[in-house]
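A quick write-up on the structure given underneath.
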Amino acid sequence: DRQIATLANAYMQMTQKGRASEMILVSGSSGAGKSALVHQFKTSVLSNGPYCLCCKFHQYQQIEPLSAIISAFDGLCSEISCKDAETLHRTRAAVKDALGPEGDVLTNLIPSFHKIIGVPTTTIANVGGVEAQNRL
């Protein structure tokens with residue numbers, strides 16, 4: 001319960017008006033119960049609707065760039081796509097408005113993102129390494 005209270009306190013601080021985007025990282029040794037803790041936090045504290053990106057960093061996926069981030073957004077996209085039609089429509093409009101044509105870049109990086117913004121509508125130009133990093 002102490003760990004849930006710590007996460008809840010950190011979450012409340014993060015949601016204060018005017019705060020910059022922040023994240024909470026949970027770390028510990030294998031089998032310590034990190035996933036169970038985060039799941040309990042999500043179901044008890046976040047049951048009212050806020051979204052929470054969760055992922056695991058697997059040591060054997062280190063060679064796959066951004067694998068943990070892609071995994072987190074896969075989960076978020078699945079969660080959002082299961083919402084009612086009105087919520088999905090509002091979310092799609094807000095994301096498309098915020099990202100503009102760069103949303104298609106994200107769909108190429110995170111294929112499940114098409115569940116939210118739809119199928120890419122433009123062809124993404126191939127660019128070099130630095131330009132590709134700057135897109136993100």
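Remarks
- Checking the Cα-Cα distances for Lys83/Lys115; Lys17/Lys42; Lys34/Lys56 against a 18 Å cut-off, the pairs over it are Lys17/Lys42.
- Once the Cα-Cα distance is subtracted from the 0.36 nm per residue extended length, the Cys52 to Asp84 segment shows a gain of 9.7 nm.
- The heavy atoms of His89 present about 110 square angstrom of accessible area, all protein chains included, probe 1.4 Å.
- Heavy atoms of Phe41 accessible to a 1.4 Å probe, total area in Å² rounded to 10: 10
- Sorting Glu79, Glu64 on solvent-accessible area from highest to lowest, probe radius 1.4 Å, gives Glu64, Glu79.
The values are calculated or read from the model by the stated rules, or taken from the named source; none is laboratory data. On a predicted model such as this, the values are computed, not experimentally measured, just so you know. SASA here: full protein model, heavy atoms, side chains in, ligands and nucleic acids out. Shrake-Rupley method; radii C 1.70, N 1.55, O 1.52, S 1.80 Å.
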